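The values are calculated or read from the model by the stated rules, or taken from the named source; none is laboratory data. Since we're looking at a predicted model, the values are computed, not measured. Every residue, glycine as well, gets a Cβ built from its backbone with ideal geometry; the counts of neighbours run over all protein chains shown.
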Amino acid sequence: MNNVFDPTTVAGLTSRINSLTPATIPQWGKMSVDQMLAHVNVPYEMVYENKHPKPSWLMRLVLRAIVKNKVVGPAPYPQNSPTAPVFRMKGAKDFALEQQRLLDFLKRVQSDGERTFEGKRSDSFGPLTAAEWNVMFYKHLDHHLTQFGV
């Protein structure tokens with residue numbers, strides 16, 4: 001799997017993100033391109049911003065037992081996979097703003113590096129290795145960029 005801590009991977013993702021336009025249509029799913037960009041920003045917001053509610057202890061237990069391996073494991077996401085409510089986007093989003101935020105988040109993750117993420121606590125899954133953070137970030141973003149044909 002590509003590594004979001006590697007400048008070459010980030011350059012490739014940046015190129016793919018920059019090839020999106022407000023008119024890009026999905027190959028599957030219901031989200032518009034602006035909603036998708038806002039959607040893929042959520043994991044980074046959970047790391048860098050305090051804008052999403054933290055799961056309850058019971059929900060964290062369920063997420064760790066049932067969801068964690070699907071999110072941080074190597075198997076790709078199936079098309080039209082269900083998503084948590086915090087990831088569901090309603091209404092139009094500002095394409096340019098969401099695109100730039102995503103590019104900035106990618107640069108920040110790459111700049112912060114693996115050391116910052118080794119053992120870093122996820123609100124949903126508890127402490128993760130840098131490799132698990134990488135899989136979570138890369139796999140989710142790659143899935144949705146592929147959804148939009150880039």
Can you find a residue in the range 56-64 that is touching a residue at least 12 places away in the same chain (Cβ under 8 Å), of a type outside the set (S, T, Y) and closer than 22 Å to V150 by Cβ? no
Where K139 falls short, out of the listed (1) within 12 Å of the chain's Cα centre (by Cα); (2) surrounded by fewer than 18 Cβ atoms within 10 Å (Cβ to Cβ): (2)
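Would you please name the residue that is surrounded by the most Cβ atoms within 10 Å (Cβ to Cβ), looking only at residues in the range 1-48 that are small (G, A, S) and not in a loop (DSSP other than H, G, I, E, B)?
Within the range 1-48, the subset small (G, A, S) is 11-12, 15, 19, 23, 29, 32, 38.
So of that shortlist, the ones also not in a loop (DSSP other than H, G, I, E, B) come out as 11-12, 15, 38.
On the way: A11: 12, G12: 13, S15: 10, A38: 25.
The residue in question is A38.
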Search the range 90-130 for residues being out of contact with any Phe, Trp or Tyr (no Cβ under 9 Å at 6 or more places or on another chain) and among the aliphatic types (A, V, I, L, M), and hand back the single one that is farthest from A23 (Cα to Cα). L103
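Can you work out which of the residues in the range 101-111 that are in contact (Cβ under 8 Å) with a residue 40 or more places away in the chain and surrounded by fewer than 14 Cβ atoms within 10 Å (Cβ to Cβ) is nearest to L63 (Cα to Cα)? First the steps, then the outcome.
The initial filter retains those residues of the range 101-111 that are in contact (Cβ under 8 Å) with a residue 40 or more places away in the chain, namely 101-103, 105-110.
If we keep only those that are surrounded by fewer than 14 Cβ atoms within 10 Å (Cβ to Cβ) as well, we get 107-108.
Working: K107: 28, R108: 26 Å.
The qualifying residue nearest to L63 (Cα to Cα) is R108.
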Within the range 49-87, the residues that are exposed (fewer than 11 other Cβ atoms within 10 Å of the Cβ) and either assigned to a helix (DSSP H, G or I) or among the β-branched types (V, I, T) (or both) are W57, L58, A65, I66, P85
Look at N2 and say whether it is more than 15 Å from L103 (Cβ to Cβ) and at pLDDT 95 or above. yes
When the range 117-128 is checked residue by residue, the ones that are exposed (fewer than 13 other Cβ atoms within 10 Å of the Cβ) and of a type in the set (K, R) are R121
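Only residues that are in a helix (DSSP H, G or I), small (G, A, S) and over 18 Å from V4 (Cβ atoms): list them for the range 90-133, please. Lay out the reasoning, then the answer.
Of all residues in the range 90-133, those in a helix (DSSP H, G or I) come to 95-117, 130-133.
Adding the requirement that they be small (G, A, S) leaves 96, 111, 113, 130-131.
Residue satisfying the conditions is A96 alone.
Per-residue answers, yes or no, for (1) free of Cβ contacts under 8 Å to residues at least 60 places away in the same chain; (2) farther than 17 Å from H39 by Cα; (3) β-branched (V, I, T); (4) in contact with a strand residue (DSSP E or B) (Cβ under 6 Å, 6 or more places away or on another chain):
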| position | (1), (2), (3), (4) |
| --- | --- |
| K68 | yes, yes, no, no |
| A75 | yes, yes, no, no |
| A84 | yes, no, no, no |
| K90 | yes, no, no, no |
| F125 | no, yes, no, no |
| E132 | no, yes, no, no |
| D142 | no, no, no, no |
Among E114, E98, which is out of contact with any Asp or Glu (no Cβ under 9 Å at 6 or more places or on another chain), of a type outside the set (V, I, T), surrounded by 14 or more Cβ atoms within 10 Å (Cβ to Cβ) and modelled with pLDDT of 95 or more? E114
